[in-house]
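Working notes, beginning with the structure itself.
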Amino acid sequence: MKKRAKTLPGVTRRQVLTWSTLGVAAGVTQVANAVSLKGAPGWTPFSANPPEQFTPSGWLFFTAEEARTVEAIVDRLIPADDLSPGGKEAGCAVFIDRQLHGFYGTFERLYMQGPFQEGTTEQGDQSPLVPQQRYRTGLAALNRYVQQTSQKDFADLTPAQQDALLEAMEAGKVHFTDFDAQSLFLEVLNNTMEGFFADPIYGGNKEMVSWKMLGFPGARYDYRDYIERHNEDLGLEPISILQWKGGDHS
């Protein structure tokens, strides 16, 4: 049987428990007395690690052909309708291009050493390829497949043909020669959703189209005045991180 820990000479276990309880109570009291900040925060978002900024000229990673293909895909994943513009106009391809140009493109911040073995679903991505390699190889395999079957590039197919091929890729019913078609579909789909809903500072969600569609007020600092207001339109125009940095957040 495990022996109980001894207390100090002259100190009972009841005293130790009493002191511990008082210590916790003192900590809670300190938290309760924490200073409440209202209005503008006393810090600048991303001041220590700012997102990379680019002049709006040209593609940073995609070739012209790759960009044309990705724009066609994102426009079918998020087609324009009465609620919002399509994925291309919303800047989803630009978002993906910038992400691939940055540290995400090379998985710079992830452990990428072998061995690489097929894992379980719970273990997540086990590929040795980084996103830059996946897009470059996958898009080439896609257009090669379309050339072999239709003598066209993906972007030149009709919207109905593009939808049919994307649905087959998603379902694992089509196979490319040099790349897994289903994994390419999922990669582009996930990145397209990120680009559509992320802060515009990253190149997508142009003019906050998705936030306006959802009624999401954006990167505001303090929501405490609205916590108890449920199921009502607050009438708040969304603001982006760039507006915070520029001080336009009144």
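The values are calculated or read from the model by the stated rules, or taken from the named source; none is laboratory data. These numbers come from a predicted model, not from an experiment. Note that each Cβ is placed from the backbone with ideal geometry, even for glycine, and that neighbours are counted across all protein chains shown. Remember, those area values only see protein heavy atoms, side chains included, never the ligands or the DNA or RNA. Shrake-Rupley method; radii C 1.70, N 1.55, O 1.52, S 1.80 Å.
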Requested in this report: Just read off the accessible area of F176 with the full protein assembly in place, 1.4 Å probe, to the nearest 10 Å².
Outcome: 20 Å²
Report task. Would you kindly state how much longer the chain becomes between Y221 and L234 on full extension, computed as 0.36 nm times their sequence separation minus their alpha carbon distance, in nm to one decimal? Result -> 3.1 nm
Query - region 233-238 - phi-based ³J(HN,Hα) in whole Hz, Karplus 6.51/-1.76/1.60, Gly and Pro as x - result: 7, 7, x, 9, 6, x
Query raised in the report: What's the extension gain from D81 to T63 if we count 0.36 nm per residue and subtract their Cα-Cα distance?
Result: 3.6 nm
Report summary line: The relative contact order of region 130-199, taking Cα pairs under 8 Å that sit 6 or more residues apart, comes to a percentage of 31 percent
Report summary line: Carbon plus sulfur, as percent of the 1.4 Å-probe accessible area of region 122-178, comes to 47 percent
Query - Amide H within-cut-off set for G218, under 5 Å, with H built and near neighbours excluded - result: I239
Query raised in the report: What is region 95-250's relative contact order, in percent, from Cα pairs under 8 angstrom and six or more apart in sequence?
Result: 16 percent
Report summary line: region 130-250 accessible area per residue, 1.4 Å probe, protein heavy atoms, integer Å², reads 55 Å²
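Considering only DSSP states other than H, G, I, E and B, which GluC sites (Glu not before Pro) in region 109-187 qualify as loop sites with at most 15 other Cβ atoms within 10 Å?
E118
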Query - Whole-percent pair-distance distribution, where bins are 10 Å wide, for the alpha carbons of region 104-250 - result: 9, 27, 25, 22, 14, 2
Report summary line: Label model pair E52, M112: point-to-point distance (7 angstrom along the Cα→beta-carbon line) in nm is 1.3 nm
Report summary line: Loop-resident trypsin sites (Lys or Arg not before Pro) in region 109-184 with no more than 11 other Cβ atoms inside 10 Å, DSSP not H/G/I/E/B, are R109, K173
